[in-house]
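*Asks:* Below is the structure I would like to discuss, written out as structure tokens.
The values are calculated or read from the model by the stated rules, or taken from the named source; none is laboratory data. Keep in mind the model is a prediction, meaning the values are calculated, not measured. Neighbour counts run over all protein chains shown; Cβ positions are idealised from the backbone, glycine included. Areas reflect the complete protein model, heavy atoms only, side chains present, ligands, DNA and RNA absent. Shrake-Rupley method; radii C 1.70, N 1.55, O 1.52, S 1.80 Å.
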Amino acid sequence: MVTNFDFLKSTDKNLYEIISDAEMLYRDEYFEQCMGQTRRFAENVCKNVLGDKRTSETTFDQMLATLKDNAQNSVQEKEFIEDLYFLKKCGNRSVHSSSVKKDAINAMECLQRAFEVAINYSVYHKKEDKKNLELHYDIELLATGKRTKNLAQKYQKAKEKAEKTSTKKASSSKKASASKKTKSVKQQTTMKSCPQPKKITPYWIIVGIFSLISLCMMIFLLITK
């Protein structure tokens, strides 16, 4: 099964098997055991990094203290040691806990910290490819055991989807605009072809009455002669 720690397989098979078991425990919802396994992973990494510098140290605490004393105070060393301390602390708490808390959040953080430790160990201690520094912890892979598309592929897919959506919106907008223009032209044509009838004003009514009276008087005078 694929894990987030596959890059470690060729570097240190023993460490790979320890931490891949931690992911399996998380996937099966054994969160306390997962944290205990990440602590085991951290202790073995610490032991490997110390190498010949390790003398009488027998406990994880002693090895961490020696590792801290020999550090060169670089940023990556500080982060590395901080992650190891975190894994030790959470692992101890889960092992010595009197009840099962089902602490999925802390277990997840332990796996992510172990992932950073593994990258640091592979690049700075084992001198593996620095491309490992670009790796990111994949939660989907942890949950399904299957590797999904990488970040670049996801970004490209999202970009293509956004462009298609934008094109569809632009096309719909053009169609709506064209339809509106056509409707406007039709309305204008209709208004021109149907002129309103002219109304008879009071002025012309009065003129008509007086004309009628004048006509009647003329007829009357003609008759009386």
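*Asks:* Please state which of the following conditions residue 39 fails to meet, knowing it meets all the rest: (1) more than 29 Å from residue 131 (Cβ to Cβ); (2) touching a Lys or Arg at 6+ places or on another chain (Cβ under 7 Å); (3) of a type in the set (Lys, Arg).
*Replies:* (1)
*Asks:* So, in the range 84-134, how many residues would count as being acidic (Asp, Glu), under 26 Å from the mean Cα position of the chain (by Cα) and over 26 Å from residue 62 (Cβ atoms)?
*Replies:* Qualifying residue count for the region: 2.
*Asks:* What's the number of the only condition in (1) assigned to a helix (DSSP H, G or I); (2) open to solvent by 80 Å² or more (accessible area, probe 1.4 Å); (3) within 25 Å of residue 10 (Cα to Cα); (4) at pLDDT below 95 that residue 79 fails to meet?
*Replies:* Going through the list (1) assigned to a helix (DSSP H, G or I); (2) open to solvent by 80 Å² or more (accessible area, probe 1.4 Å); (3) within 25 Å of residue 10 (Cα to Cα); (4) at pLDDT below 95, residue 79 breaks only (4).
*Asks:* Which of the numbered conditions does residue 74 fail, given that it passes all the others? Conditions: (1) among the hydroxyl-bearing types (Ser, Thr, Tyr); (2) modelled with pLDDT under 95; (3) under 21 Å from residue 142 (Cβ atoms); (4) open to solvent by less than 90 Å² (accessible area, probe 1.4 Å).
*Replies:* Against the list (1) among the hydroxyl-bearing types (Ser, Thr, Tyr); (2) modelled with pLDDT under 95; (3) under 21 Å from residue 142 (Cβ atoms); (4) open to solvent by less than 90 Å² (accessible area, probe 1.4 Å), residue 74 comes up short only on (3).
*Asks:* Could you pull out the residue among 67, 84, 50 that is more than 29 Å from residue 1 (Cβ to Cβ), out of contact with any His (no Cβ under 8 Å at 6 or more places or on another chain) and surrounded by 20 or more Cβ atoms within 10 Å (Cβ to Cβ)?
*Replies:* Answer to the selection: 67.
*Asks:* On the given criteria, is residue 105 open to solvent by 90 Å² or more (accessible area, probe 1.4 Å) and among the hydrophobic types (A, V, I, L, M, F, W, C)?
*Replies:* Yes: the conditions hold for residue 105.
*Asks:* How many residues does the range 135-149 contain that are within 18 Å of the chain's Cα centre (by Cα) and assigned to a helix (DSSP H, G or I)?
*Replies:* 5
*Asks:* With 30, 26 as the choices, which residue is in contact (Cβ under 8 Å) with a residue 60 or more places away in the chain, open to solvent by 30 Å² or more (accessible area, probe 1.4 Å) and closer than 15 Å to residue 108 by Cβ?
*Replies:* 26
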